[in-house]
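First comes the structure, then the notes that go with it.
The values are calculated or read from the model by the stated rules, or taken from the named source; none is laboratory data. Note that the coordinates shown come from a computational prediction; the quantities given were computed from them, not determined experimentally. With ligands, DNA and RNA removed, areas are computed over all heavy atoms of the protein, side chains included. Shrake-Rupley method; radii C 1.70, N 1.55, O 1.52, S 1.80 Å.
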Amino acid sequence: MKKNFEEQIQELEKIINELENGNLNLDDSVVKFEEGMKISKECNKMLENAEKKITILLNDENGEKKEENFETE
């Protein structure tokens, strides 16, 4: 089952704590770092997909509401 954003962030925080603890050997640290980078990329992708779905309600010239797709700069 695919983890949601919050679960991914919790897993990433766990990995960060393990790396900061300093109790891992070099090989394990590298594996954890790679795992953390993978999760980070997945979270970034989730955020990008969510951003694409966001719409902003704006007032047009007549004071009526209209929907526009959210666009980043």
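Summary of computed values
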quantity	calculated
Protein-only accessible surface order, largest first, of ILE39, ILE54 at 1.4 Å	ILE54, ILE39
Accessible-area ranking of MET1, MET37, largest first, probe 1.4 Å	MET1, MET37
